[in-house]
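The values are calculated or read from the model by the stated rules, or taken from the named source; none is laboratory data. This is a predicted model, so every value here is computed, not measured. Here the Cβ is made from the backbone with ideal geometry for all residues, glycine too, and neighbour counts use every protein chain on show.
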Amino acid sequence: MNQRYLCSELIDLTFANGRGQSANLEEIGENSALVLTEHPVRRGAKLQLNCGGHTLEGIAGASRFDKILGYFVEIRLDPSSRWSPEWFAPEHLLVLGQNGATRAFPLPMASGY
C-alpha cells in the first residue's frame with residue numbers, strides 16, 4: 001500500500017525542455033505526488049520536482065482544474081526516484097492513518113526550505 005501524506009511546501013517544477021514553474025506540493029507518497037499549479041501541465045510531461053536541495057523525477061498524470069485554486073496535477077514518480085520521509089520531509093507534513101488517526105511529523109524532521 002502506498003501511504004500518502006498531506007503536506008504544504010513551495011517547490012519548483014522543471015520540465016524536460018528546461019521550462020519551469022512554481023507549485024505547491026499538496027500530497028506525497030513513495031510512488032506519487034499531488035501538486036497545485038497556476039498553469040496547466042500536459043499529461044505525460046516528464047518533470048522534476050525540486051524540493052529544497054532534493055529532486056524527484058516523474059511523469060504528469062491526471063489534472064483537475066479548480067477555478068479558485070488552480071490545477072491539481074497527479075505525478076507518478078519514476079521507479080528510480082522514490083520518496084520517503086527519512087530522505088526528505090516537507091515543512092508541513094501530516095500523516096493520515098487508519099481509522100482517521102492523524103500524526104504530524106515533528107519540526108526537526110522538517111526541511112529548511
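Go through the stretch 60-96 and give me each residue that's β-branched (Val, Ile, Thr) and under 21 Å from LYS46 (Cβ atoms).
Hits for the stretch 60-96 are VAL73, ILE75.
State whether one or more residues within the stretch 34-44 are under 17 Å from ARG4 (Cα atoms), more than 14 Å from the chain's Cα centre (by Cα) and of a type outside the set (S, T, N, Q).
no
Residue-wise test of (1) modelled with pLDDT of 85 or more; (2) out of contact with any Lys or Arg (no Cβ under 7 Å at 6 or more places or on another chain); (3) within 17 Å of GLN3 (Cα to Cα); (4) β-branched (Val, Ile, Thr).
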| residue | (1), (2), (3), (4) |
| --- | --- |
| GLU26 | yes, yes, yes, no |
| LYS46 | yes, yes, no, no |
| LEU49 | yes, yes, no, no |
| HIS54 | yes, yes, no, no |
| PRO90 | no, yes, yes, no |
| LEU107 | no, yes, no, no |
| SER111 | no, yes, no, no |
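Yes or no, residue by residue, for (1) touching a residue at least 60 places away in the same chain (Cβ under 8 Å); (2) within 18 Å of ALA89 (Cβ to Cβ):
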site	(1), (2)
GLU30	no, yes
LEU34	no, yes
PRO40	no, no
LYS46	no, no
GLY52	yes, yes
LEU56	no, yes
ALA62	no, no
PHE65	no, no
ILE68	no, no
